[in-house]
1. Can you tell me which residue is surrounded by the most Cβ atoms within 10 Å (Cβ to Cβ) among those in the stretch 129-149 that are of a type in the set (A, V, I, L, M, F, W, C) and more than 11 Å from the chain's Cα centre (by Cα)?
2. Please determine whether any residue of the stretch 156-170 is within 30 Å of residue 14 (Cα to Cα) and crowded, with 19+ Cβ neighbours inside 10 Å.
3. So if I check each of 43, 33, which one is surrounded by fewer than 19 Cβ atoms within 10 Å (Cβ to Cβ), among the polar types (S, T, N, Q) and over 19 Å from the mean Cα position of the chain (by Cα)?
4. Given the conditions (1) at pLDDT below 95; (2) out of contact with any helix residue (DSSP H, G or I) (no Cβ under 6 Å at 6 or more places or on another chain); (3) closer than 25 Å to residue 131 by Cβ, report the number of the one that residue 49 does not fulfil.
5. Six or more apart or on different chains, Cβ under 6 Å: which pairs go from a residue in the stretch 101-129 that's touching a residue at least 60 places away in the same chain (Cβ under 8 Å) to one that's aromatic (Phe, Trp, Tyr)? Could you list them?
6. Is there a residue in the stretch 209-218 that is without any contact (Cβ under 8 Å) to a residue 24 or more places away in the chain, over 18 Å from residue 130 (Cα atoms) and not hydrophobic (A, V, I, L, M, F, W, C)?
7. Tell me, which strands (runs of 3 or more DSSP E) lie completely within the stretch 57-143 with 3 or more residues that are touching a strand residue (DSSP E or B) at 6+ places or on another chain (Cβ under 7 Å), within 30 Å of residue 211 (Cβ to Cβ) and in the same structural domain as residue 216 (by TED's automatic domain parsing)?
8. Which residues, counting only those in the stretch 13-31, are in contact (Cβ under 8 Å) with a residue 40 or more places away in the chain and not in a strand (DSSP E or B)?
Amino acid sequence: MKNHNEELRLSDNPYLPFPARIQQIITETEDRNLKTFKVAFINKGDEQGFHSIPGQFCQISVAGKGEIPLGIASSPTEEGYLLFTVNRTGVVTRYLHHMKEGDTIGIRGPLGNWYPWDKMEGKSVVVIGGGFAFTTLRAGIVYMLHPEERDRFKDITVVYGARSPGLLLYRKELEQWEKRDDVNVHITVDATDDPHWPYNVGFVPAITEQKITTGENSYALVCGPPIMIKFTQPVLERLGFKPEQVIISLEMRMKCGIGTCGRCNIGEKYVCKDGPVFSLAQLTELPQEY
């Protein structure tokens, strides 16, 4: 048995979480149901052994309450901390929302696969997200825009929407990305009463069809509510994206994270082990349960 001072990786014991401390809590939305937690590993060895790739997720645990799967919202280029955006929906998430900076949580991960960065090299990338599911997409955008990575990709376009302006995530970063000349950002909301709203009004699939001209030499990264994914697929097909060029994250189906409980399966595939990232070509061969 390893002693407490020895480094322990996920492969040694996938059930054992690494302790981490909450450094900062950011309330993202006007309804206060979404908060982003900036956390850092307590043990230096755990930090040094944690190597994530945008698209992956972790299991976040609170002692005595349980654990939940969350997409990693931070890029590996953001060193020294991890970001997780938590939607207040159940026992664990509600408890997390009442925690304070300095409190301790557990982290299991990184888990699952990631966006196909090697395949996307030299291609244009369209990032399409809706609502709370913008977390791992945020990680991917930050990753691509990093000075050491930006030249690997051609045009980068972001289409991101929420039900209303007050429910948009990462508002400050959206504003920063808009000011850059190496990324095109299209923000939209389903509806708004604000007569001075400076962005788009409309559902994400419709705005995607308006703003994207072609799928030639491009990949699309899609993550959002199932209904958004459903209606975005035919739009991308009309734009010329082939099924293997459409990459979908099914992180909303995550459960245990390591293929034990069997609750995330789609046909013979386990989303937590075979995904959460799949190409549309892969998904068309599975039962349409996503």
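1. The extreme case among them is 144.
2. No, that holds for no residue.
3. Of 43, 33, the one residue that is surrounded by fewer than 19 Cβ atoms within 10 Å (Cβ to Cβ), among the polar types (S, T, N, Q) and over 19 Å from the mean Cα position of the chain (by Cα) is 43.
4. (3)
5. Partner pairs satisfying both residue conditions: 107/18; 111/57; 112/57; 120/219; 123/219; 125/153; 125/219; 129/160.
6. Looking for residues that are without any contact (Cβ under 8 Å) to a residue 24 or more places away in the chain, over 18 Å from residue 130 (Cα atoms) and not hydrophobic (A, V, I, L, M, F, W, C), one finds none in the stretch 209-218, hence no.
7. 124-130
8. Of all residues in the stretch 13-31, those in contact (Cβ under 8 Å) with a residue 40 or more places away in the chain come to 14-25, 28-31.
Across the stretch 13-31, the qualifying residues are 14, 15, 16, 17, 28, 29, 30, 31.
The values are calculated or read from the model by the stated rules, or taken from the named source; none is laboratory data. Note that this is a predicted model, so its numbers are computed, not measured. For neighbour counting, all protein chains shown are included, and Cβ atoms are generated from backbone atoms with ideal geometry for every residue, glycine included.
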